[in-house]
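Trainee: Input: one structure, supplied below.
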Amino acid sequence: MSRRHQGFCCGALGAADFAAAFAGLEAARHVLAAVSGGPDSTALLGGLAEWTRDRGGPALSVATVDHGLRPGSRPEAEAVGAFARSFALSHTILTWEGRKGQPVSQAAARDARYGLLLAHARAVGATHLLTAHTLDDQAETLMLRLAAGSGLSGLGGMRREVARGDVLHARPFLHLPKARLVATCRERSWPFVEDPSNAHARFARVRWRQTLMPLLASEGLDAVRLGRLGERLARADEALDQAADSAFSRFARHGRAGMILDFAALSLEAEEIALRVLQRALAPPGPASRHLRLERLEECLSVLLQARAAGTSVRRTIAGRLLTLDANGMLTISVEGTRRRGRGGAVTQIDIPDGPSLGREPGRA
C-alpha cells in the first residue's frame, strides 16, 4: 500500500492539518466561508475559526445559502449561524428567490448558490470565497465528466483555486477524504446535518456516490487514485494550454473581416494544439467558451484539416461564427450573417447544443 493510501479514511484533522490546508490564505485580506451545515463545511468553519484566531487573521465571515426548497432548510441555516456565533463570527443567510414548487436541478441550484455567494463576497469586501469540496467530490466530478464526454480540461477536475472575477474561489479540502471531515466534527462535537437531497437517486451524482463509486473502489479505482489522475490530467492540460497560447500568438491576427489564422502553419502542429487554438479564435477562455461542445469543435477541425490536405477551400459555421478557409490555407473567422437555405452555396451549420465543453469549470456544486 502506498504512503498516499495509508490512513486515507482515518483520523480527525488536527491543528497541523488545518494549517497545511489553509496555508495559501496567509495573504488573504478577508475570507468568506460558504457553510451549508453539512459535515464538510462545518469542519471548514470550525477549522478556519480556530486557524484565524490562532494567527490573528485574516478577517472571516460566514454565509449560508437557503434555497428554500425543503421545509427544514431555514432552521438548518439558522443552526449554522448559531455555530458561527460560538466563534464570535458574523453569519448571513442568503435566500434564493428562484422558482418555487418546481423541480430544480443540482446544476441550477449550484449556479444560484455561487451567484449569491460571490455577490455577498464582494459586498463584504472578501478577497477569497472558500468551499469545502473534498477528494470524494473531486473523484465523483471526474467520473461524471468522463461519462458526459468531457475533454482533457474537464477531466482535470475541480481546481484548488479559481479566479471568479475579483474573488478567488479556493477549495482547501480538495485533497482530503470526506471521512476525515466527518471524524473531525464528531471528535470535536461540532454539530452538522445531512441534506436529504444528497441521498436522492434522481441525481446522477448521488447514483455515482451510492452505487458506482464503491464498485470502482472495490477494483482499486478509489477516490485517491481518481484524485491523483485528475491532478496529472490538470498538469498536462496546463502544459497544452501554454503551448496553445504560444501557437495562437504566432498564427492568429485580427483582420478587417475578423480573426485570421494561418491555418497552413497551424495544421502542422499537433492536433490537440490546433484544436485549442481554434477554440481560442472562436471564443477566448471564459464563460463563452463553455458553450463550444467538444465533439462539434473536433468535427469542425477535422473538416478544415481535410480541406487543407487537399488544398481546397471550405466554409463552415460554428458557435455563430463563419469559418472560411481558402486554398492558400488562410482561415478567416467572422460573425455569421443571415444564413441562406435551399441554395447550392448554402453554408453547412454545425449545431452547438448544451453539453461537455472545453471550459475549465463545467459544473460542480
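Trainee: What is the order of V124, V62, V335, fewest Cβ neighbours within 10 Å to most?
Mentor: Ranked by crowding around the Cβ, least crowded first: V335, V124, V62.
Trainee: While we're on this one: Work out how much length A204 to A309 would gain on full extension: take 0.36 nm times their residue separation and subtract the Cα-Cα distance, in nm to one decimal.
Mentor: Result for the pair: 33.5 nm of gain on full extension.
Trainee: Non-local amide H neighbours of T92 (under 5 Å, H modeled in plane, Pro and chain starts lacking H): which ones?
Mentor: Those lying under 5 Å, H to H, from T92 are V62, A63, T64.
Trainee: Sort R321, R276, R110 so that the residue with the fewest other Cβ atoms within 10 Å of its own Cβ comes first and the one with the most comes last.
Mentor: Starting with the residue having the fewest Cβ neighbours, the order is R110, R321, R276.
Trainee: Let me ask something else. Amide H neighbours of H133 under 5 Å, counting only residues 5+ apart in sequence or on other chains, H built in-plane at 1.01 Å?
Mentor: For H133, whose amide H was placed from the backbone, the distant partners under 5 Å are F173.
Trainee: Using θ = phi - 60° and the Karplus form 6.51 cos²θ - 1.76 cosθ + 1.60, what ³J(HN,Hα) does each residue of the stretch 243-259 get, whole Hz, x for Gly and Pro?
Mentor: 5, 5, 4, 5, 5, 4, 5, 7, 10, 10, 8, 8, x, 4, 7, x, 6
Trainee: By counting other Cβ atoms within 10 Å of each Cβ, how are I318, I93 ranked from fewest to most?
Mentor: On the way: I318 23, I93 15.
Least crowded to most crowded, the residues run I93, I318.
Trainee: Rg (Å, one decimal) plus Dmax (Å, integer) for the alpha carbons of the stretch 234-284?
Mentor: That works out to 10.8, 37 Å for Rg and Dmax.
Trainee: Using modelled amide H (1.01 Å from N, peptide plane; none on Pro or chain starts), what sits under 5 Å from the amide H of T317, excluding residues fewer than 5 places away?
Mentor: Counting only residues 5 or more places away or on other chains, the set is L323, T348, I350.
Trainee: Just grab the label-to-label distance for R164 and E187, each label 7 Å out from Cα along the Cβ direction, in nm (one decimal).
Mentor: Taking the two extended label points, one gets 3.0 nm.
Each reported figure results from applying straightforward, stated rules to the coordinates on display, with no laboratory input. Please read all numbers here as calculations on a predicted model, not as lab measurements. Ideal geometry is used to build each Cβ from the backbone, glycine not excepted, and the neighbour counts take in all protein chains shown.
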